[in-house]
Every structure is written in C-alpha cells, then in structure tokens.
1. Hey, got the average number of other protein chain Cβ atoms within 10 angstrom for residues in A:42-50?
2. Round to the nearest 10 and give me the degree value, 0 to 90, for the angle of helix A:34-50's Cα axis relative to the longest principal axis of chain A.
3. What does the structure give for A:33-41 when I average, per residue, the other chain Cβ atoms found within 10 Å of the residue Cβ?
4. Report the dimensions of the range A:1-65 along its three principal axes from the alpha-carbon atoms, largest first, rounded to Å.
5. Within a 10 angstrom radius of each residue's Cβ in B:74-81, how many Cβ atoms of other chains show up on average? Whole number is fine.
6. How tilted is helix A:6-29 with respect to the longest principal axis of chain A? Cα atoms for both, answer in degrees (0 to 90, nearest 10).
C-alpha cells in the first residue's frame, strides 16, 4: 500500500465530498416548481456574489519536515 | 475499554466507501449526471438553464464553505495544504465562468453549450484532486 500517501487519501476524501455535494444539490432541485427553483437560485447567488475567490484565505505555509 | 485507532487505512476505506456510494448514485464521474428516477434528481442534461444555474451555484458554494472551514484548521498536514491550494486554484478559475453563466440566466438568454461544458470540465477538474496526491 505504498501508493496510499496522505495526499491520496485526502484526494479521495475530496472526491467523495464533491460527489455527494453534486448529488445532494441535484436532490434539492428535485420536484421543485419553477418559482421554488428561482428562489433557490437567488439564495445561492447571494452567497456566491459575496464570496468571490479573492476572499478565500490563503493556505498556511507547509510545516518543514523533521 | 475499546480503543479505536483511526489510521490511514481506515481513512482510505471510508473515502473509497463514500466515493463508491456517490458513484453508485450516479452523481460523479466524467459526466456528472445524477441518476434520474421518478422521485430522484434529474439528469443534468434534463435540467432547465435555471436549474443548472442553481446546481452549479450550489456545488460551488458547498466547495467554498468546505474550503473556508478546512483552511482554518490548525492541524492541517502538508498533504492537505497541497490539496487545498489546488482547490483554490480551480475555484478561482471556475468562478468567472459560473458568473458568466449567471449573466445569461439573469438576462433570460440561453447559455451557450460552450459555457456549460467549461463549467462541467472545471468541476470535473475538482475530482482530479485525487491525482494531485499521486504526483
């Protein structure tokens, strides 16, 4: 299992999270009327517009390996 | 007292299980098409432009919240930092494309297939984060 580095595990976790997010977002849309979809769109858009990527905090520097 | 040991092997099993579960639901993979049933979510190809817009925004916002929660954790490993840096790069790239998509929606125009394809490609790039770990 030499291939199983921390980064690979982290990548797999990200993959799983993204898949579930995509699925649950699609589930949230299921059975919605056009008005309800519009409401959801507007709500998501408010968050999106106020959270541009330049407001994302930088990742802290790496810790030097011992 | 039963002592639980959380090691990499355990994390791997959890991650694979979650990924397989998500794939089984048909929500990830090359085309990101949630499985369609009468009661379940629509396929992306069957969504209206506004539904797609809400779907793209929902995924982006979920990734944004996840990034912000993760980046402040004091116990981040160097590997996790590497993945977060890549994630931020992809999010920075996808943001203006989703914004363009929103402009189409808000003006009542139908977004071009090229814009949709670009967003889906960039979301697929996020799934490529696992590859980062293999480099």
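1. 5
2. Value to nearest ten degrees: 40.
3. 4
4. For the range A:1-65, the Cα spread along each principal axis is 54, 31, 8 Å.
5. 5
6. 0 degrees
Quick note: the coordinates plus some simple rules give every number you see, no bench work behind them. It should be emphasised that the depicted structure is a prediction, and the values quoted were computed from it without experimental measurement. Don't worry about glycine lacking a Cβ; one is built from the backbone with ideal geometry, like all the others, and counts go over all protein chains shown.
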